[in-house]
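What follows is one structure encoded as structure tokens, with my remarks underneath.
The values are calculated or read from the model by the stated rules, or taken from the named source; none is laboratory data. This one's a predicted model, so the numbers in the text were calculated from it and none came from an experiment. Positions of Cβ are generated from backbone atoms using ideal geometry, with glycine treated the same way; all protein chains shown enter the neighbour counts.
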């Protein structure tokens, strides 16, 4: 999608008098880096970085809201919670100027087009902006963050292991993130999906997501959920998969495991208590689920933190 098609959705920057923040940058390799920022303050923060036109930019808003400013900060484009923004303009530099709202978490990945082609050369016809017809055109794409992507983004932003291993860890996670990003295909494109073109259906599916998160310990059945949001069971299943890239219970499982991981890291609950909080009546079922998701038991995960 061309950025010019979205000009009706951007507005002039209202407030330029906000404090400056600083990305936490991790170099993956030459021409490839990941940057994170957590605004835990009560005021917006501005993040800036000079980026030349040889880079593709991926911006992920995991929590809260951020705005990307264009054209010498004349316009902004919102990146809402659980949304991403891909930017590439081979014709001009596109420096980063982001206004990060309070209680907002952002992860940005910058990769040179040369490096990117090397990673995805066999998929050039699948990835739209790598096609020969588009390779010299500016490119813009927004999209949802899937539950599996959210897990990886949380792992990147909450890294708390040995600082000497951060580069290696982030490299693995960013490769995983890009694989998940492009594995979604085009199923979430409104232009190709009549279901997503109906805004009322999108609102209902988001309501379904909020309901299962709120009641994750005792979630409703799919039939009960469909009735509660006033949509057919078929549309619930199809719509949820189109928007979030997974099934309702697949999303819920990923979410519960992420909550469990954070609770274990906090040290405020033991394994049994964490399992109960996320909806497992027995410790053995919770341990099996956690191991399926992360490849290790809760106990060993806690030990690895120490």
Problem - Subset tally (residues that are touching a strand residue (DSSP E or B) at 6+ places or on another chain (Cβ under 6 Å) and within 22 Å of residue 89 (Cα to Cα)) for segment 52-64 - result: 8
Fill in the blank from the handout: Of the residues in segment 219-238, those that are under 23 Å from residue 277 (Cβ atoms) and touching a residue at least 40 places away in the same chain (Cβ under 8 Å) number 1
Problem - Members of segment 247-278 found to be surrounded by fewer than 19 Cβ atoms within 10 Å (Cβ to Cβ) and outside any helix (DSSP H, G or I), listed by number - result: 247, 267, 268, 269, 270
Practice task
Output the residues belonging to segment 224-245 that are more than 10 Å from residue 205 (Cβ to Cβ) and touching a helix residue (DSSP H, G or I) at 6+ places or on another chain (Cβ under 6 Å).
Solution key: 225, 226, 233
Handout entry: When residues of segment 213-223 are limited to those that are out of contact with any helix residue (DSSP H, G or I) (no Cβ under 9 Å at 6 or more places or on another chain) and not in a helix (DSSP H, G or I), the one surrounded by the most Cβ atoms within 10 Å (Cβ to Cβ)
Key = 215
Exercise for the section: Inspect all residues belonging to segment 58-68 and state whether any of them is buried (at least 17 other Cβ atoms within 10 Å of the Cβ), modelled with pLDDT of 90 or more, farther than 16 Å from residue 79 by Cβ and assigned by TED's automatic domain parsing to the domain that holds residue 89. Expected result: no
Problem - Tally, over segment 287-304, of residues that are assigned to a helix (DSSP H, G or I) and either under 22 Å from residue 149 (Cα atoms) or free of Cβ contacts under 8 Å to residues at least 24 places away in the same chain (or both) - result: 12
Handout entry: segment 32-51: number of residues that are over 26 Å from residue 72 (Cβ atoms) and not in a strand (DSSP E or B)
Key = 2
Practice task
State whether one or more residues within segment 5-18 are more than 23 Å from the chain's Cα centre (by Cα), on the phi < 0 side of the Ramachandran plot, loosely packed, with under 12 Cβ neighbours inside 10 Å and at pLDDT 75 or above.
Solution key: no
Completion exercise
With the first residue restricted to segment 69-84 and required to be on the phi > 0 side of the Ramachandran plot, and the second required to be part of a loop (DSSP other than H, G, I, E, B), Cβ contacts under 8 Å at 6 or more apart or on different chains are 73/13; 73/16; 82/145
Practice task
Determine, yes or no, whether residue 203 is touching a helix residue (DSSP H, G or I) at 6+ places or on another chain (Cβ under 6 Å), at pLDDT 75 or above and either crowded, with 17+ Cβ neighbours inside 10 Å or in a helix (DSSP H, G or I) (or both).
Solution key: no
Handout entry: Among the candidates 151, 111, residue that is at pLDDT below 90 and either assigned by TED's automatic domain parsing to the domain that holds residue 262 or crowded, with 17+ Cβ neighbours inside 10 Å (or both)
Key = 151
Fill in the blank from the handout: Taking segment 129-144 and keeping only residues that are touching a helix residue (DSSP H, G or I) at 6+ places or on another chain (Cβ under 7 Å) and modelled with pLDDT of 65 or more, one is left with 138, 139, 140, 144
